[in-house]
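Accompanying notes for the structure given below.
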Amino acid sequence: MKLAISHRWNLPVKEAEALQADLAARVVARTTFKPAAVKTVAGVDVGFRGDVARAAAVVLSFPDLEPLDFSLGEAPVTFPYVPGLLAFREGPAVLVALDKLATWPDLFLFDAQGIAHPRRLGLAAHLGVILDHPSIGCAKSRLTGSHAEPGGKAGDWVYLYSGKEVIGAVVRTRPGTQPLYISVGHRVDLRLAVDLILRCTKGHRLPEPTRLAHNVASRAEHPVKPGKGQLPLF
């Protein structure tokens, strides 16, 4: 794994906010690849056990969504809990997990915000920029912005606004469940991001890549090491 941009994670809060502003200006909100070329998709999720962040990455084939690879990474938390700056708590563990992947995916789906963030740089956008790799934010709850209620059918969606600015989409992935908050991470436009999320959904509220990543990250009995072939919880 090679980073396009490297930085410290244990910055003072004001410096962290300034770095977010700099990285947010580097987000590419258009698609820079041919959608038909996407053959692998990775879901990324992060959990915490005390002062340790635990990240899981699960790589699936696309569009058939068969598991191919997974990895786990842990890192001590060195940044305080500050709303809007959670990427500085989660990012180091994510990088440890991604560095262990044997299969590098064409696209990342993060269980996190992309640009639907007060400074337009949630974890999906932050990691997308420093990796310079296509990424999408797929969050379970709203961090900022306002929206109408999407329709009740799977695939119904509406825009998420900050004032008059579109910062994401509110997408119903399963009837009778709360919608997801989809936003650009890096190098993927919003409409394609919504389409890809829906194509990655297999009857659950969460898209399959992040659903499986959450399952892996949340199980304490799995060792923190890369694996391939027989994958847990699938």
Note, the range 117-126: 3J(HN,Hα) by Karplus (6.51, -1.76, 1.60, θ = phi - 60°), whole Hz, Gly/Pro = x, goes 8, x, 10, 6, 8, x, 4, 5, 6, 4
Residue 62 long-range amide H proximity, modeled H, under 5 Å: 40, 41
Max mean-square fluctuation residue, GNM over the chain, Cα-Cα springs under 10 Å, options 140, 14, 100: 14
Among 149-160, 1-12, 37-48, 119-130, how do they line up by average Cβ neighbours within 10 Å per residue, starting with the highest? 119-130, 37-48, 149-160, 1-12
Pairs over 32 Å Cα to Cα, from 100/164; 34/153; 100/202; 14/140; 39/140; 14/202, come to 100/164; 14/202
Using the 2.2 N^0.38 Å rule of thumb for compact globular proteins, work out how the range 59-112 stacks up: its C-alpha Rg over that value, please. 1.33
Between residue 52 and residue 199, what is 0.36 nm times their sequence separation minus the Cα-Cα distance? Round to one decimal in nm. 49.6 nm
Net lengthening on full extension, residue 1/residue 14 (0.36 nm per residue, minus Cα-Cα): 1.8 nm
Alpha-carbon centroid distance for the pair the range 124-142 / the range 157-200, whole angstrom: 13
Could you order the peptides 23-34, 78-89 from most to least packed, using the average number of other C-beta atoms within 10 Å per residue? 78-89, 23-34
Expressed as a rounded percentage, what relative contact order does the range 13-228 have, with Cα pairs under 8 Å and six or more residues apart? 24
Cα Rg, Dmax (largest Cα-Cα span) when computed across the range 13-228, Å: 16.0, 47
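No lab work stands behind these numbers, since they all come straight from the coordinates. Computed from a prediction, not measured in an experiment: that's the story for all the values here. Cβ: placed from backbone, ideal geometry, glycine included. Neighbour counts: every protein chain shown.
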